[in-house]
Amino acid sequence: MNRPARPSGDRCPPANSKLESPVKVTVNGVETKVHAQATLGSLLVELGLHLRACAAEVNEQLIPKARHEQHRLSEGDRIEIVTLVGGG
């Protein structure tokens, strides 16, 4: 398994509403911000990993790929993402 590149600290697009503030999460040990309605799936898209074989944990719980789009991220979540590497 291989860890993908670490995210740069601020991946949060501008909020559409003043009521929506960014949410701080930690991705592979790096604190970053995501938009308030972010899901694990949207984070993987932002990181360019949505088309790669990868596994993701949120707060030490493996989230099945089928639930990535529904799993909403919350303030303080700890996310670990690993990608699979083939070879011999």
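The values are calculated or read from the model by the stated rules, or taken from the named source; none is laboratory data. Only a predicted model underlies this, so the values are computations on that prediction, with no experimental measurement involved. Here the Cβ is made from the backbone with ideal geometry for all residues, glycine too, and neighbour counts use every protein chain on show.
Below, the figures for the structure above:
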{"quantity": "Residues (assigned to a loop (DSSP other than H, G, I, E, B), more than 13 Å from the chain's Cα centre (by Cα) and aliphatic (A, V, I, L, M)) located in region 66-88", "calculated": "Leu84, Val85"}
{"quantity": "Residue list for region 48-88, restricted to those being β-branched (Val, Ile, Thr) and more than 16 Å from Gly29 (Cβ to Cβ)", "calculated": "Ile63, Val85"}
{"quantity": "Number of the condition not met by Pro4 [criteria: (1) on the phi < 0 side of the Ramachandran plot; (2) surrounded by fewer than 18 Cβ atoms within 10 Å (Cβ to Cβ); (3) at pLDDT 95 or above]", "calculated": "(3)"}
{"quantity": "Residues (out of contact with any helix residue (DSSP H, G or I) (no Cβ under 7 Å at 6 or more places or on another chain) and either touching a residue at least 40 places away in the same chain (Cβ under 8 Å) or buried (at least 16 other Cβ atoms within 10 Å of the Cβ) (or both)) located in region 66-78", "calculated": "Ser74, Glu75, Gly76, Asp77, Arg78"}
{"quantity": "Any pair with Cβ under 7 angstrom, 6 or more apart, that starts in region 52-65 at a residue that is assigned to a strand (DSSP E or B) and ends at one that is at pLDDT below 95 and of a type in the set (S, T, N, Q)", "calculated": "Cys54/Thr83"}
{"quantity": "Unique match (being modelled with pLDDT of 95 or more, more than 26 Å from Glu20 (Cα to Cα) and small (Gly, Ala, Ser)) among Ala56, Ala66", "calculated": "Ala66"}
